[in-house]
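Asks: What follows is a structure written as structure tokens; I'll ask about it next.
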Amino acid sequence: QTRYRKAASTNLQTGGEFAGTGAVGETRSTSLNPVVTLSWAGGVITAGQYARTLTEAITSGNVTRTERDDWGGTFSVAFRVPRSLVRLPNPIRTSVALGVSDALVCLVRAGSSGDCLPISDSRRHQADVKLDTGFSPSVSGGASFGYVLTEQRHFATRVSQYSFTVFAEINFQAGQVR
């Protein structure tokens with residue numbers, strides 16, 4: 001599946017200091033979003049997506065350009081643990097997700113030679129792993145691990161985040177519906 005979009009808008013600001021002349025602003029954007037999902041033998045599912053968006057906002061002769069790229073992929077599978085290790089009534093569902101996002105914003109000043117002056121350069125890398133299973137008809141649970149690295153290159157900063165979560169869900173029923 002692929003989606004392509006191209007949009008443009010123009011606005012006119014009148015009154016105040018622009019009385020009689022008006023200031024014109026324009027925004028143009030283009031985006032491309034392909035997605036692929038594949039189902040394999042044995043219940044394995046893989047998916048990948050990409051998104052690219054280019055935006056130009058023109059105000060008073062200045063051009064602000066934004067380029068954003070997003071990549072993502074997932075891998076999912078369910079498997080049974082050997083009974084000699086542990087007796088689980090249901091298979092363990094496993095998913096791994098990876099994502100990368102880059103966003104660059106730059107400015108071309110009115111009357112300049114066309115060089116784009118970087119304003120913001122942000123990057124994000126993310127990985128998530130999740131395992132869960134049903135222990136009985138009313139109890140399920142699992143664990144997840146996540147890692148996120150965020151870079152703000154225009155500030156020369158990097159932030160790493162780790163998360164580990166153990167979760168359980170218990171469903172209670174009382175009485176019968178008649």
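Asks: Once neighbouring chains are kept in place and the probe is 1.4 Å, which whole percent of the accessible area of the chain is contributed by carbon and sulfur?
Replies: Details: 7180 of 12630 Å².
Result for the chain: 57 percent of the exposed heavy-atom area is carbon or sulfur.
Asks: For residue 78, enumerate residues with amide H under 5 Å from its amide H, sequence gap 5+ or separate chain, H modeled in the peptide plane.
Replies: 94
Asks: Additional query: Exposed loop chymotrypsin sites (Phe, Trp or Tyr not before Pro) only (DSSP loop, at most 16 other Cβ atoms within 10 Å): please give the longest stretch of the chain free of them, not including the sites. Can you show the working numbers first?
Replies: On the way: sites that count: 40, 135, 155, 172.
That gives 41-134 as the longest site-free run.
Asks: Same structure, new question: In the calculated pair distance distribution of the chain, what percentage of Cα-Cα distances lie above 24 Å? Mind showing how you got there, number by number?
Replies: Details: 9766 of 15753 pairs.
Result for the distance tail: 62 percent.
Asks: Now a separate question. Check residue 119: other-chain or 5+ apart residues with amide H under 5 Å from its amide H, H built from backbone geometry?
Replies: Close amide H contacts, sequence-distant or interchain: 105, 106, 107.
Asks: Go through 125, 149, 41 and say which Cα lies farthest out towards the positive end of the charge dipole of the chain; charges sit on Cβ, +1 for Lys and Arg, -1 for Asp and Glu.
Replies: Result: 41.
Asks: Right, here's the next one. Length gain on complete extension for the stretch residue 173 to residue 119, per 0.36 nm per residue less the alpha carbon to alpha carbon distance?
Replies: On the way: separation 54, 0.36 × 54 = 19.44 nm, distance 5.65 nm.
Extra length available between residue 173 and residue 119 comes to 13.8 nm.
Asks: On to the next question. Given a Förster distance of 45 angstrom, what is the FRET efficiency for residue 88 paired with residue 67, based on the Cβ-Cβ distance and rounded to 0.05? Before the final figure, lay out each step's value.
Replies: Values: r = 47 Å, r/R0 = 1.05.
Once the sixth-power term is evaluated, E becomes 0.45.
Asks: OK, next. Rank 10, 163, 59 by how far each Cα sits towards the positive end of the charge dipole of the chain (+1 on Lys, Arg Cβ; -1 on Asp, Glu Cβ) and give me just the farthest.
Replies: Projecting each Cα onto the dipole axis, the largest value belongs to 163.
Asks: Using the Karplus curve 6.51 cos²θ - 1.76 cosθ + 1.60 with θ = phi - 60°, what ³J(HN,Hα) values do you get for each residue of the stretch 43-54, in whole Hz, with x for Gly and Pro?
Replies: x, 7, 10, 10, 8, x, 9, 9, 9, 10, 10, 10
Asks: How much accessible area per residue does the chain have, in Å², with a 1.4 Å probe? Don't jump to the answer; show the numbers that get you there.
Replies: Numbers: 12630 Å² over 178 residues.
Accessible surface, normalised per residue, equals 71 Å².
The values are calculated or read from the model by the stated rules, or taken from the named source; none is laboratory data. Predicted, not measured: the structure shown is a model, and the values here were computed from it. Note that we place each Cβ from the backbone using ideal geometry, even for glycine, and neighbour counts take in every protein chain shown. The protein model used for the area step is the full one, side chains on, heavy atoms only, and it has no ligands, DNA or RNA in it. Shrake-Rupley method; radii C 1.70, N 1.55, O 1.52, S 1.80 Å.
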